[in-house]
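The values are calculated or read from the model by the stated rules, or taken from the named source; none is laboratory data. Values in this document were obtained by computation on a predicted structure and should not be read as measured data. Glycine gets a Cβ as well: all are built from the backbone with ideal geometry, and neighbour counts include every protein chain shown. Only protein heavy atoms, including side chains, enter the accessible area calculation; ligands, DNA and RNA are left aside. Shrake-Rupley method; radii C 1.70, N 1.55, O 1.52, S 1.80 Å.
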2 protein chains.
Amino acid sequence: MPVADRRRRERANRHDLILAAARNLAEAEGWEAVTTRRLAELVEYSQPVLYSHFAGKDAIVRAVAIEGFADLAAILREARLSADDPQLALRAICSAYLNFAAERPALYQAMFVMPTDVKFASEDTPQPLKAGFGEFVCALGPFDRHPDLRAEVTWAALHGLAVLRRGGRIPPERQEERIDLLVSQVVNDRRD
Amino acid sequence: MPVADRRRRERANRHDLILAAARNLAEAEGWEAVTTRRLAELVEYSQPVLYSHFAGKDAIVRAVAIEGFADLAAILREARLSADDPQLALRAICSAYLNFAAERPALYQAMFVMPTDVKFASEDTPQPLKAGFGEFVCALGPFDRHPDLRAEVTWAALHGLAVLRRGGRIPPERQEERIDLLVSQVVNDRRD
DNA sequence: ACATATCATCTAGCAGTGCTAGATTTTACT
DNA sequence: AGTAAAATCTAGCACTGCTAGATGATATGT
């Protein structure tokens, strides 16, 4: 049945095409511009085709978010490995995280702001998400015997900085100083 | 012109009535349930009346948010003053902030998550918002010669914990330990 | 007391949203 | 070529925020 194989391939291609279109449109004009009509027009199919691939608009956002988890994990890993000193590694991870959020605000929003039913911190957490969090755990290991809680708090602080900055609720200046302070607070309150 | 006075009074009452209805409905069923139709029905007027008070739905959300800033500032102030030791005061403020976010999630969302054009950290910042931030600055003064940046980072961390918790992205357990860690990181990295 | 002018309010509708049932076309196999 | 099945589209529903124009109530001048 090579015909069914081809069908599956074509469907998979279109699946990816939809996700890429959604992601690009969101990044270019924000998620409020991503309507099922515009998305259908972009992929040159009618709206119901979208629903043959995804349960609804929310499912599309979720799928884009999961792609983002993999991107972020890779970026964090690279940042951590590019520095040899533990403190510099922590600094690099924090900086990379905030850069990711600032450069791909729509993707970041899908991953960490919009409502989701993705399980965080559980057995059935998507592997790339686990990996991303694991980077924080690794980077914090040198400073804490139980780095999980420390990773949660550090991640929360970075997330707060990211979303408050993007919402215009903290000023754009001095962001580097904020990262320095964050890192300083970790390395000066060791638990090992 | 006592008639015009009465008119103004009645309008002001209805203004508040609309805001109270919006806030209650949002708190009970979330902001997605706050439609202009339901809101109009609740206040027993037709939709256009809402638009004679507010420029649009966004303006209503903003007005609710500004009410919330005053509430939060009062709560933070009380928390800070209820403890005499600086470390306990900081602990109390952090705890009160997260309680506020957890107990009034919709109000908190209007204040700190939804898009807004309220100016933060500027001359024309609403006074109650300045006051709230000022509480953090006061609480952090004993630990930092330049408490403004420290207040931003601490606030960001708390905000991160609040929204990630509410979104189900960090587990509900051990929230107290997270606060302890946050406070510990501040008091063990003094800048004075 | 009545007509008038002004103000307040409502009805009805527009353009947009996510989503879907049913008609229609395209595809694959006999 | 004819048919069954699969894929796709058209057209529409119920909802959203918002508004123009009709309708109503109210205060003022004679």
### Query
Among (1) surrounded by fewer than 20 Cβ atoms within 10 Å (Cβ to Cβ); (2) closer than 17 Å to residue B:182 by Cβ; (3) more than 9 Å from every other protein chain (Cβ to nearest Cβ), where does residue A:187 come up short?
(3)
#### Entry: Test: residue A:121 is more than 22 Å from residue A:164 (Cβ to Cβ), modelled with pLDDT under 95 and of a type in the set (A, V, I, L, M)
yes
### Filter result for residue A:160 (buried (at least 21 other Cβ atoms within 10 Å of the Cβ) and in contact with a His (Cβ under 8 Å, 6 or more places away or on another chain))
yes
### Message
Kindly evaluate residue A:80 against the criterion of being open to solvent by less than 50 Å² (accessible area, probe 1.4 Å), under 30 Å from residue A:186 (Cβ atoms) and either away from DNA strand C (no atom under 12 Å from the Cβ) or not assigned by TED's automatic domain parsing to the domain that holds residue A:170 (or both).
### Response
yes
### Query
Just for segment A:39-65: of the residues that are surrounded by fewer than 17 Cβ atoms within 10 Å (Cβ to Cβ) and within 14 Å of chain B (Cβ to nearest Cβ), which one is nearest to DNA strand D (Cβ to nearest atom)?
A:57
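Every residue, every condition in (1) over 20 Å from the mean Cα position of the chain (by Cα); (2) assigned to a loop (DSSP other than H, G, I, E, B), yes or no:
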residue: B:8; (1), (2): yes, no
residue: B:17; (1), (2): no, no
residue: B:55; (1), (2): yes, yes
residue: B:60; (1), (2): no, no
residue: B:65; (1), (2): no, no
residue: B:78; (1), (2): no, no
### Query
Out of (1) within 7 Å of chain B (Cβ to nearest Cβ); (2) in contact (Cβ under 8 Å) with a residue 12 or more places away in the chain; (3) touching a helix residue (DSSP H, G or I) at 6+ places or on another chain (Cβ under 7 Å), what's the single condition that is false for residue A:156?
(2)
#### Entry: In segment B:131-146, the residues that are open to solvent by 20 Å² or more (accessible area, probe 1.4 Å) and under 18 Å from residue B:81 (Cβ atoms)
B:131, B:133, B:134, B:137, B:138, B:141, B:142
### Query
Picking from B:151, B:89, B:101, which residue would you name as being at pLDDT 95 or above, in contact with a helix residue (DSSP H, G or I) (Cβ under 8 Å, 6 or more places away or on another chain), within 11 Å of chain A (Cβ to nearest Cβ) and open to solvent by less than 30 Å² (accessible area, probe 1.4 Å)?
B:151
